[in-house]
Structures are given as structure tokens and as C-alpha cells.
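Just so it is clear, none of the values below were taken in a lab; they were calculated from the coordinates. Remember, predicted model here, so these are calculated numbers, not experimental data. Cβ: placed from backbone, ideal geometry, glycine included. Neighbour counts: every protein chain shown.
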Amino acid sequence: MHKDPITIEEIEDYLSGQLSPEALAEFETRLLEDDEARKSVMQLRKVIEGVQGYAFKQKLKDYHRNLFPRDEKPE
């Protein structure tokens, strides 16, 4: 088992698919063995999904505002 805590950078690389096959295998083994590492990955994944969801909603609002500006009245 690893003694050093997992880093945010390691988790980001894992979640973004930027690990080499060897590093991926090692990281996934670590997740199987280390409850804290697994919890950290789940927490960061939720944060990333939340930010992405918020950004998507903002883009939809902007798109809607561009399609239907408030100062123009539909005929």
C-alpha cells in the first residue's frame, strides 16, 4: 500500500485519461487498495461534474438569450 497521499494532479490525470497504460494500471491497483484514494477520486469527480454541469447550463442560457433578446418582442 502507498504511504504518500494521492495528489490532485494524479487524480486529474486519471480522470482525463492522460495516464500511460502502466501508470493507469498502478493507479487503479492503488484505488483498489486505498480507501482514502478512492474517496478522493470520487470527490474530485463530483466537483468536476458539477462544474461542467454549471458551465453547460450557462452556455444554454447564453444561447437562449442570443436567440430571444429581451428588448425584441415577437410578432
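For the chain, the longest principal axis of the C-alpha atoms and the axis of helix 21-33 are separated by about 80°. Calculated [222 nm] ellipticity per residue, helices only, for the chain: -24500 deg cm²/dmol; basis is -39500 (n - 2.57) per DSSP H run with n ≥ 4, divided by all residues, nearest 500.
Considering all different alpha carbon pairs of region 1-55, the Kirkwood hydrodynamic radius works out to 11.7 Å. The chain: longest stretch without exposed trypsin sites (Lys or Arg not before Pro) (DSSP loop, at most 11 other Cβ within 10 Å), sites themselves excluded? With trypsin sites (Lys or Arg not before Pro) excluded where exposed in loops, the chain gives 4-69 as its longest stretch.
Counting only aspartates and glutamates at least 8 places from K59 when in the same chain, those with an alpha carbon closer than 18 Å to its own are E49.
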